[in-house]
1. Conditions: (1) without any contact (Cβ under 8 Å) to a residue 60 or more places away in the chain; (2) crowded, with 24+ Cβ neighbours inside 10 Å. A:Ser96 meets all but one. Number of the miss?
2. Is it true that A:Thr36 is closer than 24 Å to B:Arg427 by Cβ and of a type in the set (Val, Ile, Thr)?
3. For A:Glu368, which of the numbered conditions (1) charged (D, E, K, R); (2) surrounded by fewer than 17 Cβ atoms within 10 Å (Cβ to Cβ); (3) closer than 25 Å to A:Asp93 by Cβ fails to hold?
4. I need the full set of residues from region B:413-442 which are within 23 Å of B:Leu342 (Cβ to Cβ), among the hydrophobic types (A, V, I, L, M, F, W, C) and either assigned to a helix (DSSP H, G or I) or at the interface with another protein chain (Cβ under 8 Å from one of its Cβ atoms) (or both), in order please.
5. Being crowded, with 18+ Cβ neighbours inside 10 Å and not in a loop (DSSP other than H, G, I, E, B) is the filter; apply it to region B:395-412 and report the residue that is nearest to the other protein chains (Cβ to nearest Cβ).
6. In region A:254-283, which residues are among the β-branched types (Val, Ile, Thr) and within 14 Å of another protein chain (Cβ to nearest Cβ)?
7. Just to confirm my filter: which helices (runs of 4 or more DSSP H) fall fully inside region B:1-97 and include at least 2 residues that are closer than 24 Å to B:Leu213 by Cβ and either within 8 Å of another protein chain (Cβ to nearest Cβ) or hydroxyl-bearing (Ser, Thr, Tyr) (or both)?
There are 2 protein chains.
Amino acid sequence: MTPTAIEKIAVFVAGFDPAGATPAARHVAARALYDTIAVAIAGADEPASRLMMDYARGQSAPGMATVWATGDRLPVELAALVNGTMGHALDFDDVSSPLRGHPSVAIFPALMALGESRGVSGKALLDAYLAGFEVTIKLARAIVDDQYAKGWHSTPSIAAFGATAACARLLGLDAARIAHAMGILVSQVAGTRQNFGTMSKPFQAGQANVMALRAALLAELGFDASMSAMDGPHGYTVLYADGQDIHAQFDTLGQLPLEIDAAGIEVKKYPLCYATHRAIQGILDLRKQQSLAFAEVERVEVKTNYRATVPLIYDRPQTGLEAKFSMHYAVAAALHDGAVNLASFEDAAVRRPAIQAFFEKVELSQGEPPMFPRWAEVVVHLRDGVSHRIRVEGLRGSAQFPLSNAELVEKGADCLAHGKVALSAERLARACFELDAAPLQALLEVLRSA
Amino acid sequence: MTPTAIEKIAVFVAGFDPAGATPAARHVAARALYDTIAVAIAGADEPASRLMMDYARGQSAPGMATVWATGDRLPVELAALVNGTMGHALDFDDVSSPLRGHPSVAIFPALMALGESRGVSGKALLDAYLAGFEVTIKLARAIVDDQYAKGWHSTPSIAAFGATAACARLLGLDAARIAHAMGILVSQVAGTRQNFGTMSKPFQAGQANVMALRAALLAELGFDASMSAMDGPHGYTVLYADGQDIHAQFDTLGQLPLEIDAAGIEVKKYPLCYATHRAIQGILDLRKQQSLAFAEVERVEVKTNYRATVPLIYDRPQTGLEAKFSMHYAVAAALHDGAVNLASFEDAAVRRPAIQAFFEKVELSQGEPPMFPRWAEVVVHLRDGVSHRIRVEGLRGSAQFPLSNAELVEKGADCLAHGKVALSAERLARACFELDAAPLQALLEVLRSA
């Protein structure tokens, strides 16, 4: 196998023999160090340096913001990094179709950490989220299709702008400083789909929050950036979006309905690839309507919309992580267990002999274009010759068919149990749902009581 | 004036009226918060989450690394961020022509902070720098021309790979972890020339160090990324370099001569745009050869190589920052003062009436292609009809004509005085020059004695 670029660097660096450097070359390096330190000291009193020092001092106290699962207190930025990474580690967090990514996990960890450090009201936090959600969706509508196709990961590469807007709003910055925050963000935007399937995917969600905090907090201190950082000739749209125009979408900022009403939020009901969700719903519904003994099933046909099968790369999954991208497992688990939840993705659950033996009974295919609206058709053929058919378009959890509060609390209870946190999902939900009328501190106290 | 994209966001966010959100929409936002927290708690025990928590705990102690100018002790990453930003705030730090950017300021702040926290030897630090320098220049040779032209800022967008290699080397990571560090870096790479001329330019130099530290320290903990993060179909070369091939250059990694010998390092002798340096050197040399009374100069012709005048946008600078991009000021100060140093860029120095009156006597032009090798010609016409002409190609401070140690110490003394730090440049230089035979701690003690 030809080594990748990364592997070439790794082999070189791990085996680097400094004996190849002459004494003169080592002296050149030592002189570079001297010159670098001396020039930095000369620059210590420049505005950029003084503000960065103020920022760093403000971030170096450990106890400013809470890690949701453990109650640890960390500096604002690090708490947001941890909560954002945790929040995306299971790929179970909410989704936005216009974003092709995950809006809330890119925004709330930053807002919660910042809000805790500033003692804000729950209303201020939700207002900030709504403003950030608007910016996120407008930018996504302008550029996400090509940008995502190329390889950018929209959760950091787009929603970070919304996170920055949200943080700037929570800080109460004026328009001039908000503009600088957006420019400072552009100096940091990154995130690639090439890292999907590794820990660096949730890391990129954590990073979206960090970039936003750094941008907003530096702007608050007076740090500056170019007003053309997004749409200038060397700015964001050129570097990240092939020069596409974003103004038409931004000209709609402030118009009603807000995107929280128009685009809405899609809550994941099952902790695996979204492309399986309609088929799972169909099977669970069939199971309620019919007696469907698992042992009596001869085969299952699943057909779904154009391109929906692309991420479903495991026909014979052996681990929980593989099963997250397997329609075969989704069908087997839904039929066998009557539920698909976090426990379904323990390796032992995936390796059950009855489940493994079932994979060959699943036939998966996809339809012709277009990709939207999404649909799935499931036909369950029984040994006795009877077959049951169901077609699913409206998905429970989508903005059009939202989960009931009770269903959402049930999902949360599953999550809290999986995280081994002794906290009532009911109580956590109430603290969130009543946030508009309470200080953020009330929610934080619930979290820290775990 | 049409507002920029950033300004549109800023006006929207600053004026955002949350009354546009229905109670139902606010409840959707509150539910999203609940779902985000619950899912994050479910993900707390995932490997990505546990490692990120370990990383954050390790970064939340305040006293791990030293800020060079103030002696403040900060977490590793924040010290590197501050030192890296300070180090580029004056644009006086060293340069690499193949990089089209600043190698040392992207690498040493990270290495110094990391090295301090681990108590390494000076030799280990220099070895790591040399390895990082190699990776930086090889990657730059492969892609910098087009990447820079498009608008990426090579100090973070390329030298950060070298910084990551250097940090990984200093940590003694094995090849597998170094490869993951490179992939984790790709999740963070950013930096745009659109932010030149603002504080976000030095911020991007600071960021190069932060990205590298985060990548190397996470990889050390076992965090992972895609092996194809650089050269895969959605990886770095596609997103940041139009799919250019980097393998031919990487295949030379490990070959002698090392780039520290072949490409070398260019030290700035004057704290302003590099495009003025040859003209300044010519005038200072003429002044030593001839009696050149400032009052007797009638006019000065300066001609320099193709494209060298592009950044020199101020013919009549009024401030120190403007004067940094003015050949007119460079000529006037060199002729009047016999020196161009940090004090030359105080506003009062630029506004001296004799200097301001002189600007009209300077005639600047540029030659035909090619751009390299660089040159400058200066003709000084005196009132008495005599004229003196000089042509400069070899620049003192370049890799071909390095400064003497005494000249480098002189530059450093100017820097330390400008930074108002009571430290002997001689002593700092000695600690750097003797680093190969001492613990890094010895240099840190010199810095902290200021």
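1. (1)
2. yes
3. Result: A:Glu368 passes all but (3).
4. B:Ala413, B:Cys415, B:Leu416, B:Ala417, B:Val421, B:Leu423, B:Ala425, B:Leu428, B:Ala429, B:Ala431, B:Cys432, B:Phe433
5. Only one residue tops the list, namely B:Gly412.
6. A:Ile260, A:Ile265, A:Val267, listed by residue number.
7. On the way: elements: B:5-15, B:23-42, B:47-59, B:76-88.
So the answer is B:47-59, B:76-88.
The rows are residues; the columns are (1) over 24 Å from B:Glu445 (Cβ atoms); (2) at pLDDT 95 or above.
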site	(1), (2)
B:Ala56	yes, no
B:Gly84	no, yes
B:Ser97	yes, no
B:Pro103	yes, yes
B:Phe108	no, yes
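The values are calculated or read from the model by the stated rules, or taken from the named source; none is laboratory data. The model shown is predicted, which means the values in this text are computed figures rather than measured ones. When we count neighbours, we look across all protein chains shown, and the Cβ atoms used for this are built from the backbone with ideal geometry, even at glycine.
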